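A quick write-up on the structure given underneath.
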Amino acid sequence: MSAPRATARPRRGGGIRRGEARAGYLFIAPAVIIAAVFLLIPIALAFWVSLSDWNGFQSPLNERVNFVGADNYAAITTEDTLQQRNFGRAVRNNLYYVLLVVPLQTALALFLAVQVNRAVLRGRGFFRTAFYFPSVTSSVAIVIVFQFLFLGTGAINQILAAFGAQGPNWLNDSRGLLHILFGAFGADSAPSALADGGMLGISWWDWLAGPSVAMTVLIILAIFTTSGTFMLLFLAALQNIGSEIDEAALMDGAGPWRKFFSITLPMLRPTLFTVLTLGLIGSWQVFDQIYVLGGGASILTPAYLLYETSFNELQWGQGAAIAFILFVFIIVLTLLQRWILRERSPKKRGYAQRAASRNLTEGGVR
Amino acid sequence: MTTTAPEVPSAPDREPATGRAPRILKRRKRVGAKARSGILLGYLILIGLALIYIYPFLISIAGSFKTDAEATQSGLSLIPETITFAAYERLFTREPFALWAGNSMLVAVCVTIGRVLFDSMAGYALSRLRFRGRTIIFAAFIAVLSVPGVVLLIPRFLILSELGLYDTYGGMIIPLLSTAAGVFIMKQFFDSISESIEEAAKIDGAGTFRRFWSVVLPMATPALVTIFILSFQGSWNELGHFIVARQSPELNTLTVGVAQLVSGQLGAGNQYPLQLAAAVLMSIPVVVLFFIFQRRIMNTTAGAEKG
């Protein structure tokens, strides 16, 4: 180990590293060129489109395309237009989607991971495979399966009927869940306080609609397909904790709940952060499912709206503007979440705890 | 050491679900029977969950062999009253399913080869080779990692049109040939393995490319398999990029073609067995891949097992 290190010491000019820089550039060139040509330059081009009145005709760089400043951004955010209402609706739909999907998929993934990680469990391999399986296939295939399950006369409603309940016509039901709930308490229409004001062209009352029944199907779909992937991430972290710490906790008389919340969960914090961030980023990008189902106001999301606005309605500037708002929003969310999670537990304490538990473990093993 | 010890404690793991945790804590010695029923309950919950995860796929397979009417009316049953292959026949005779499958395979194979090669080359350069700007390039790749995929729909279409690659196989394949995530995985891998064998080859006078090809790549097999699986699965299941990169029906991949079947653009809106058959068939390659590499998928994503 130490001998090769020594030969590597003389960095530049030495015969052994001759031509290394050239090889380095050669090796990295394909990846860099692809990233530059198909990622960075296109993003710059799209940013220009979002500031222009390009209508899809010829190149966006041709002379007749005009710079219009922030007009496209204004059209979807501040002006009272149809586009603004669509954008507001898409944001609302996706907001409820995120609020339900992210916590539920994280909790379910963690639950599954803890369950299949138990040493005594028989058929662990089978259970892991079963829970991971929905993550394998394409979103198109999964949507087909879910559409079939949630037909008006489909499997889900047949099961509900067996319990005496009548299921809705899921994917064709645009009522908001919270509106249905309010309706059950007799509040069928908006109180004037909520009907008048609003944001992004959507009244407060409509902001409070909750996810539509159709969107609920997609929420279940997302939890169903992603929980297995995230289960694997948690599982990896759990295996790194190892059984010694469990044993040590037991020696100290910690019960299962106490052990989970005081030992397992703190040690899983980095993974928890990863899963929450990945979940948050992913759930603001719902596109495939909506595309396969053909769109529709009740399941509209910003990701699908930007596609429809550009490719179907040929409002390229507005579509690109939505894309950039989404882009910035997702990046800000990522940074924000990272910051919040950092602030909550000071590093020193974390290290101290970890060191303590390590000592505890070693003592216990001996 | 670990075999007997955790068995006793993990039994009450599930007990809290029944709300009896405190009592068990106090009288752990006497809960033999209760622990047993706890284990049973735990299994029941897991089996129930596993059923929820698997059953949808089973009824989908069953549904693909049903008649249109039966599939719509009794979607829950696992055994069709009359087994018919009509949906599958139709996929291959009246829908260009074989063409879509061929396109998907072509794209997936090219993308996979490209990523395995380019990502490992870039990862190697970033990990081992010294050249000016290396740190900046690596930082740029990290930044690129956080660009959300759907934001690229419009940009990709724009650049493909500008370059004259729109609606060509080139436009469908080239942008996917390398990913920042793949480069990152490979770099991490090369960072984790010892440099000594390469150094030996270096002293023997092997050039950088030769060394990479015959010494480094064979050592990197575990990471390459990871890239291989991710790339094949990713490009086979990709939908968004193919929506914006092409328009001719001849260039339809399975995802695009089948999505059009579902949204009724090909006039098959309510024919559920047909859609289910398509979903079943298009899943086969990735499912086969999954079962071949099952152990590896479960472990590489999950990191090395202890011990």
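The values are calculated or read from the model by the stated rules, or taken from the named source; none is laboratory data. What you are looking at is a predicted structure, and each value in this text was computed from that prediction instead of being measured. Neighbour counts are summed over all protein chains in view; Cβ atoms, including those assigned to glycine, are modelled from backbone coordinates with ideal geometry.
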Problem - Listing of helices (runs of 4 or more DSSP H) fully contained in region B:166-221 that carry 1 or more residues being basic (Lys, Arg), in contact (Cβ under 8 Å) with a residue 12 or more places away in the chain and crowded, with 17+ Cβ neighbours inside 10 Å - result: B:180-192, B:208-211
Completion exercise
Log entry, pairs with first residue in region A:211-224 being part of a helix (DSSP H, G or I), second being of a type in the set (D, E, K, R), beta carbons closer than 8 Å, six or more apart or on different chains, reads A:Val213/A:Asp173; A:Val213/A:Arg175; A:Ala214/A:Asp173
Completion exercise
Reported set for region A:280-314 where residues are assigned to a loop (DSSP other than H, G, I, E, B), crowded, with 19+ Cβ neighbours inside 10 Å and either in contact with a Lys or Arg (Cβ under 9 Å, 6 or more places away or on another chain) or away from chain B (no Cβ under 11 Å) (or both) is A:Leu300
Handout entry: Residues being over 23 Å from B:Pro249 (Cα atoms) and assigned to a helix (DSSP H, G or I) - total across region B:82-98
Key = 1
Problem - Odd one out for B:Ser192 among (1) of a type in the set (S, T, N, Q); (2) more than 9 Å from every other protein chain (Cβ to nearest Cβ); (3) under 30 Å from A:Tyr291 (Cβ atoms) - result: (3)
Practice task
Considering (1) touching a Gly at 6+ places or on another chain (Cβ under 9 Å); (2) more than 8 Å from chain A (Cβ to nearest Cβ); (3) farther than 22 Å from B:Arg128 by Cα, say which one B:Thr168 fails and leave the rest.
Solution key: (1)
Fill in the blank from the handout: The residue that is surrounded by the most Cβ atoms within 10 Å (Cβ to Cβ), considering only those in region A:148-158 that are more than 7 Å from every other protein chain (Cβ to nearest Cβ) and out of contact with any helix residue (DSSP H, G or I) (no Cβ under 6 Å at 6 or more places or on another chain), is A:Asn157
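Please enumerate the residues belonging to region B:104-141 that are in a helix (DSSP H, G or I), farther than 26 Å from B:Glu250 by Cα and touching a Phe, Trp or Tyr at 6+ places or on another chain (Cβ under 7 Å).
B:Val116, B:Met121, B:Ala122, B:Gly123, B:Tyr124, B:Ala125, B:Leu126, B:Ser127, B:Phe141, listed by residue number.
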Exercise for the section: Please tell me if A:Val49 is more than 9 Å from every other protein chain (Cβ to nearest Cβ) and either touching a Ser or Thr at 6+ places or on another chain (Cβ under 9 Å) or of a type in the set (Ser, Thr, Tyr) (or both). Expected result: no
Problem - Selected residue [at the interface with chain A (Cβ under 8 Å from one of its Cβ atoms), touching a Phe, Trp or Tyr at 6+ places or on another chain (Cβ under 8 Å) and either surrounded by fewer than 16 Cβ atoms within 10 Å (Cβ to Cβ) or among the β-branched types (Val, Ile, Thr) (or both)] from B:Ile59, B:Ile83, B:Ile39 - result: B:Ile59
Completion exercise
Reported set for region B:265-286 where residues are surrounded by fewer than 19 Cβ atoms within 10 Å (Cβ to Cβ), modelled with pLDDT under 95 and either part of a helix (DSSP H, G or I) or at the interface with another protein chain (Cβ under 10 Å from one of its Cβ atoms) (or both) is B:Gln265, B:Gly269, B:Asn270
